[in-house]
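Here the structure is laid out as structure tokens; the discussion comes afterwards.
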Amino acid sequence: MNYDYDLFVIGAGSGGVRCARMSAGFGAKVAVCEDRYMGGTCVNVGCVPKKLFVYGSQFKEEFSDSAAYGWDVEVKGFDWDKLRDNKTHEIDRLNGIYRNMLGGAGVTVIDGRGRITGPNTVEVNGTSYTAERILIATGGWPTRPSIPGAELMIDSNEIFYIKTFPKRFVVLGGGYIATEFAGIFAGLGSEVTQIYRGDQILRGFDNDIRSEVSEEIVKKGVNLALNCNIVAITKHGDELKVELTNGETITADAVLTAIGRHPNLENLGAVEQGVTLNERGYIDVDPISFETKAPNVYAVGDIIGGMELTPVALAEGMSLANRLYNDNTYEIDYADIATAVFCQPNIGTVGLTEEQARERFDKIRVYTSKFRPMKFTVSGREERSFMKLIVDDASDRVVGCHMVGPDAGEIIQGLAVAMKAGATKAVFDATIGIHPTAAEEFVTMRQPTRH
């Protein structure tokens, strides 16, 4: 058959854009449709603007620390509108770059929501296009709780564009998005309460890391309300009354829902055309080829429910393009993928948690170090960094690296390379550190904290 395109990609996020560009580079005729965010969640309402907000929120402490270093700085206040709008200008610039990259690669860009209407057919804005293959890369969407007044909450898409800075800010959730925004708004000057139904935030991370971060963010002014949930939210003039399961009521100017994300399947037509979902509600794919149960339909990125990280979506898009149009059927290795949480202080982590390592190996060695960063020894700021190595005792291989502290993500990225290469603790010990840095601590921990 003759088709309009070899590949039609629904969703111009990280995975979709990477697959489209590479496929076009391999000679395929490709189209991409996008109904909202050119560049996807990461560029528009995720990693990039979030980190810009993190930078903005850190200046209050930086100005305070500078006095001990001899700087006489007068801080007149914080302008939310300027931060928000400057962030938006940068995102607009990036949107244009993504559009130009696609166009430069020869990819046709169509604005609008794509809907699969039949075999090899996608409809956008009432126009039908045929394609030999269809890729779904529409990502995820913020989830709202099923409580009275949930419509009064803002989600992690909307938070980047709110008009008025909230002096009293409530965050619902205990994951990395919730914890990051709690830190951002506390740093910018809000009175912040983070509410989480469990007994410790950041489920899935190493337990020591969870404890250390909780301790530090409380020092920075975040009120952690654990083993608690929101019952209802009501509006009273310009204020929101937040009723909790413990019987308390909090008054807030804004309430953020950050309880997770769900696959962005709405008005996609995928299920109707034979795409099946797994038990968690994500698109079910072959883990190597990314094929769905519908013929010639593929899916990558957050919508398949793996590690919901931008670099993972990029890797999946790249793998699929190579598989389809470059005769290269390599498999992605999902082991030891490093990640960072831009809470304050930052988390950087790669490999197994201590809890996972205990289950996998007969015997492990755990090395830890906790110290005040050198910068704060002069300024007097009461913040501690924490580092942790987990070693399989039988092989001496380092199987987990975890850090809480400034630049944790930057430091852990390098250690991820070492772990991927199979570095042992003996290799770490033989490595001469860079002095004076925090990073050198990872190669100077000699005595195990525990076995």
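The values are calculated or read from the model by the stated rules, or taken from the named source; none is laboratory data. Quick caveat: nothing in here was measured; it's all calculated off a predicted structure. Every residue, glycine as well, gets a Cβ built from its backbone with ideal geometry; the counts of neighbours run over all protein chains shown. What goes into the accessible areas is simple: the full protein's heavy atoms, side chains included, and nothing from ligands, DNA or RNA. Shrake-Rupley method; radii C 1.70, N 1.55, O 1.52, S 1.80 Å.
Please state which of the following conditions MET307 fails to meet, knowing it meets all the rest: (1) touching an Asp or Glu at 6+ places or on another chain (Cβ under 9 Å); (2) assigned to a loop (DSSP other than H, G, I, E, B).
(1)
Quick one: would you say GLU34 is within 30 Å of ASN296 (Cα to Cα) and of a type outside the set (Lys, Arg)?
Yes, satisfied.
Could you say which residue among GLY306, GLY317 is open to solvent by 40 Å² or more (accessible area, probe 1.4 Å) and in contact with a helix residue (DSSP H, G or I) (Cβ under 8 Å, 6 or more places away or on another chain)?
Sole residue among the options that is open to solvent by 40 Å² or more (accessible area, probe 1.4 Å) and in contact with a helix residue (DSSP H, G or I) (Cβ under 8 Å, 6 or more places away or on another chain): GLY306.
If you go through region 144-155 one residue at a time, do you hit one that is among the hydroxyl-bearing types (Ser, Thr, Tyr) and touching a residue at least 24 places away in the same chain (Cβ under 8 Å)?
Looking for residues that are among the hydroxyl-bearing types (Ser, Thr, Tyr) and touching a residue at least 24 places away in the same chain (Cβ under 8 Å), one finds none in region 144-155, hence no.
List every residue pair whose Cβ atoms lie under 6 Å apart, where the two residues are 6 or more positions apart in sequence or sit on different chains, the first residue falls within region 323-338 and is more than 19 Å from ALA20 (Cβ to Cβ) and modelled with pLDDT of 95 or more, and the second residue, located anywhere, is assigned to a loop (DSSP other than H, G, I, E, B) and open to solvent by less than 50 Å² (accessible area, probe 1.4 Å).
Filtered contacts from region 323-338: no entries.
If you scan region 300-326, which residues turn out to be in contact with a Phe, Trp or Tyr (Cβ under 6 Å, 6 or more places away or on another chain) and over 23 Å from VAL350 (Cα atoms)?
Selection gives LEU320, TYR325, ASN326.
Give the residues of region 274-303 that are open to solvent by 60 Å² or more (accessible area, probe 1.4 Å) and on the phi > 0 side of the Ramachandran plot, sorted by residue number.
The one that is open to solvent by 60 Å² or more (accessible area, probe 1.4 Å) and on the phi > 0 side of the Ramachandran plot: ASN296.
Quick one: would you say ILE259 is assigned to a strand (DSSP E or B) and either within 23 Å of LEU226 (Cα to Cα) or more than 28 Å from the chain's Cα centre (by Cα) (or both)?
For ILE259, the condition - assigned to a strand (DSSP E or B) and either within 23 Å of LEU226 (Cα to Cα) or more than 28 Å from the chain's Cα centre (by Cα) (or both) - is not met.
Can you list residue pairs whose Cβ atoms sit under 7 Å apart, with the first residue in region 351-366 being within 18 Å of SER211 (Cα to Cα) and the second being of a type in the set (Ser, Thr, Tyr) and in a loop (DSSP other than H, G, I, E, B)? Count only pairs 6 or more apart in sequence or on different chains.
VAL366/THR449
Part of a loop (DSSP other than H, G, I, E, B), farther than 30 Å from THR449 by Cβ and open to solvent by less than 10 Å² (accessible area, probe 1.4 Å): does that describe GLY269?
yes
Could you say which residue among ALA294, ALA313 is part of a loop (DSSP other than H, G, I, E, B) and touching a residue at least 24 places away in the same chain (Cβ under 8 Å)?
That would be ALA294, the only listed residue that is part of a loop (DSSP other than H, G, I, E, B) and touching a residue at least 24 places away in the same chain (Cβ under 8 Å).
Which ranges mark the strands (runs of 3 or more DSSP E) fully within region 161-256 that have 1 or more residues being modelled with pLDDT of 95 or more and either loosely packed, with under 15 Cβ neighbours inside 10 Å or among the aromatic types (Phe, Trp, Tyr) (or both)?
Strands (runs of 3 or more DSSP E) meeting the threshold: 168-172, 230-236, 239-244, 249-252.
Is it the case that region 189-202 has a residue that's closer than 19 Å to GLY260 by Cβ and touching a residue at least 60 places away in the same chain (Cβ under 8 Å)?
yes
Residues being crowded, with 22+ Cβ neighbours inside 10 Å, in a strand (DSSP E or B) and out of contact with any Phe, Trp or Tyr (no Cβ under 8 Å at 6 or more places or on another chain): count how many of those fall in region 327-348.
Adding up the residues that qualify gives 2.
Go through (1) β-branched (Val, Ile, Thr); (2) crowded, with 24+ Cβ neighbours inside 10 Å; (3) under 21 Å from the mean Cα position of the chain (by Cα) for ILE154 and report which single condition fails.
Failed condition: (2).
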